[in-house]
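A short write-up of the structure that comes next.
The values are calculated or read from the model by the stated rules, or taken from the named source; none is laboratory data. Please read all numbers here as calculations on a predicted model, not as lab measurements. Quick reminder, even Gly has a Cβ in these numbers, built from the backbone with ideal geometry, and neighbours come from all protein chains shown. Surface accessibility is based on the protein's heavy atoms, side chains included, excluding ligands, DNA and RNA. Shrake-Rupley method; radii C 1.70, N 1.55, O 1.52, S 1.80 Å.
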Amino acid sequence: MATHLSPCSSSSLKQQETKLLLSSRFIAVPRRCCFSTWVQFQPRIHSRNHFQLKSSNGYPLNAVSLQDGLETSFPFSETENAESTVSITVVGASGDLATKKIFPALFALFYEGFLSEDFIVFGYARSKLTDEELRDMISKTLTCRIDRRENCEDKMDQFLKRCFYHSGQYNSEEHFAELDIKLKEKEAGRKSNRLFYLSIPPNIFVDVVKCASLGASSANGWTRVIVEKPFGRDSESSGELTKSLKQYLKEDQIFRIDHYLGKELVENLSVLRFSNLVFEPLWSRNYIRNVQFIFSEDFGTEGRGGYFDHYGIIRDIMQNHLLQILALFAMETPVSLDAEDIRNEKVKVLRSMKPLLLEDVVVGQYKGHSKGGKSYLAYTDDPTVPKDSLTPTFAAAALFINNARWDGVPFLMKAGKALHTRRAEIRVQFRHVPGNLYKRNFGTDLDKATNELVLRVQPDEAIYLKVNNKVPGLGMRLDRSDLNLLYRSKYPREIPDAYERLLLDAIEGERRLFIRSDELDAAWSLFTPLLKELEEKKIVPELYPYGSRGPVGAHYLAAKYNVRWGDLSGEDS
């Protein structure tokens, strides 16, 4: 069943990789001490479809390693890359996600030279649009890098000329067969590699995959499908979805996207830990007192009430975004940066987690509030939300990992809507110094006695370490200061959007930042019993005012484990 999409065999994949490798401008020359050095290599052909920069695993794309003393000249075909093309079909092209995120990300990749000269983009949706109408619609959301404005209009025009549209039903094999004809026309006989991005509701994933498989898959290249969350509502529905998708796709063709894994600071998490000797030895229960994953939005559901009420904050944020970051944070050192090695370690973390108990969870729901002369509606005031809805818009949880590295360390999660600020961050609070000589100077202020490492994912990306120091002057007065890496100061270049990184990885076949099916199973196994208990017992969420810091119960939950939420101090607000 899984052969409908004509996936490449492992041998043909290796042949494709070798062809690309030989046309790269960078080669790795190993030295005898087992370290490699990168040297410039001038290929015989010059085409922008050679990916020359680094993929998200840190390796230079299409790098080829040479034996010592081997000449940098190869008898390779000069036409291999020119004979293939990449076709990207955005299914659900008229929706908000496609117009606000996916098309702008594709344009950014084109603008930066990451897409081949022969790429094409097709929009597919039920709406009746022409090519020009699609171009006009997406042109309103395209922007150039702030620090690279030259030839912006020309680049937009070039990109839009490669965008086309096909109208069709999501469950029609005939309409996808018509799309296939158009794709072949644009591919002009070249080897076709096809990427489908499903920017559609999950209830039609399987219909689209079936029709694309039977009617529009590549006959001579690879075909990959990017699937957006939610991946089901619980273990059972997620398992059914995976089973249905695998009737038409192999696992290595399915790219389950979680855009938070493409965030710059989440990417930097592993680099910070594994490439800095100062942190890796501290990364365990011996030195870390607790870890906090905080996500807050300063707005309510606002137009998404009907969708949100079906899922709630736990399914929408905690079970995927925050749990994936937790797995990356807590995993053991992988064998390599290979996608499977990293995902293997993440799965081990998820499977080691203690079952999530109701007593370790607090749920809340925002109520109406007036502030500064402005009134804010309650969640249940949304006309698309039932008046008696018990769906949580806020949740806090304490999780534990039953392994030697993390035994007894609370991993606290907090996610909510309509809170006082917009924030996403990881906070690592270290243990107090044993026998601290200066404990009299701290008094009862535990914050000053706590070293804390903070990775602010958004907004204003930053990494900072809170340390104790002496205030200049006579006497002994202590203060807490930040050793701060503020990205906008250190790296003035605009940070690429997460979708840019993930789309490029999907095109390259790099799966490290995408979710494997057993990862998904393990994540749902942790949260499904809790979700069922909340719904069966009809747990009433604690109300909190719109624009507040959330329900009081969240503070009691943290205090239960002798923890104070790190985002409560005024300096971090």
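Local charge for GLY262 was computed over the other residues whose Cβ lies under 14 Å away, with Lys and Arg +1 and Asp and Glu -1, and equals -3. Its Cα centre serving as origin, region 65-259 has a Cβ charge dipole (Lys and Arg +1, Asp and Glu -1) of approximately 580 debye.
Placing unit charges on the Cβ atoms only, positive for Lys and Arg and negative for Asp and Glu, gives region 310-428 a dipole magnitude near 460 debye about its Cα centre. The apolar share of the surface of region 262-568, taken as the fraction of accessible area on carbon and sulfur atoms (1.4 Å probe, ligands and nucleic acids excluded), comes to 54 percent. When the surface is traced with a 1.4 Å probe over the full set of protein chains, ASP482 keeps roughly 70 Å² accessible.
GLU302 to ILE204: FRET efficiency via 1/(1 + (r/R0)^6), r the Cβ-Cβ distance, R0 22 Å, to the nearest 0.05?
E(calc), rounded to 0.05, equals 0.35.
Counting only the Cα atoms, region 262-568 fills a convex hull of 170 Å³ per residue. Within the accessible area of region 65-259, the carbon and sulfur atoms contribute 46%, probe 1.4 Å, all protein chains present. Only protein heavy atoms count here; on that basis, with a 1.4 Å probe, SER87 has an accessible area of about 0 Å². With a Förster radius of 25 Å applied to the beta-carbon distance between ASN436 and ASP407, the computed FRET efficiency rounds to 0.55. For region 65-259, the solvent-accessible area of protein heavy atoms averages 43 Å² per residue (probe radius 1.4 Å; ligands and nucleic acids excluded). Computed on protein heavy atoms with a 1.4 Å probe, the accessible areas place MET331, MET137 in the order MET137, MET331, largest first. Segment THR130..ASP96, full-extension length gain: 10.4 nm, with 0.36 nm per residue of separation and the alpha-carbon distance subtracted.
Solvent exposure of region 262-568 amounts to 44 Å² per residue of accessible area, where only protein heavy atoms count and the probe is 1.4 Å. Neighbours of GLY550 by Cβ distance under 13 Å: Lys/Arg scored +1, Asp/Glu scored -1, total +1.
Computed from label points 7 Å out along Cα-Cβ, the spacing between GLN158 and LYS560 is 5.8 nm. In region 481-524, whose amide N lies under 18 Å from the spot 7 Å out along Cα-to-Cβ of THR141? List them in ranges. Only 496-504 fall inside the zone, counting backbone N under 18 Å. Taken over the Cα atoms of region 312-390, the convex hull encloses 166 Å³ per residue.
Positive contributions from Lys and Arg (+1) and negative ones from Asp and Glu (-1), summed over other residues with Cβ under 12 Å from the Cβ of TRP283, come out at +1. Under the combined filter of DSSP loop state and at most 13 neighbouring Cβ atoms within 10 Å, region 518-573 retains none of its GluC sites (Glu not before Pro).
With a Förster radius of 35 Å applied to the beta-carbon distance between GLU332 and GLU117, the computed FRET efficiency rounds to 0.25.
The gain in end-to-end length when the VAL552 to ARG273 segment is fully stretched comes to 97.1 nm, 0.36 nm per residue minus the alpha carbon separation.
A simple charge model with +1 on the Cβ of Lys and Arg, -1 on the Cβ of Asp and Glu and nothing else charged puts the dipole of region 100-139 at about 340 debye relative to its Cα centre. Fully extending the segment from ASN151 to GLU494 would add 121.8 nm, taking 0.36 nm per residue of separation and subtracting the current Cα-Cα distance.
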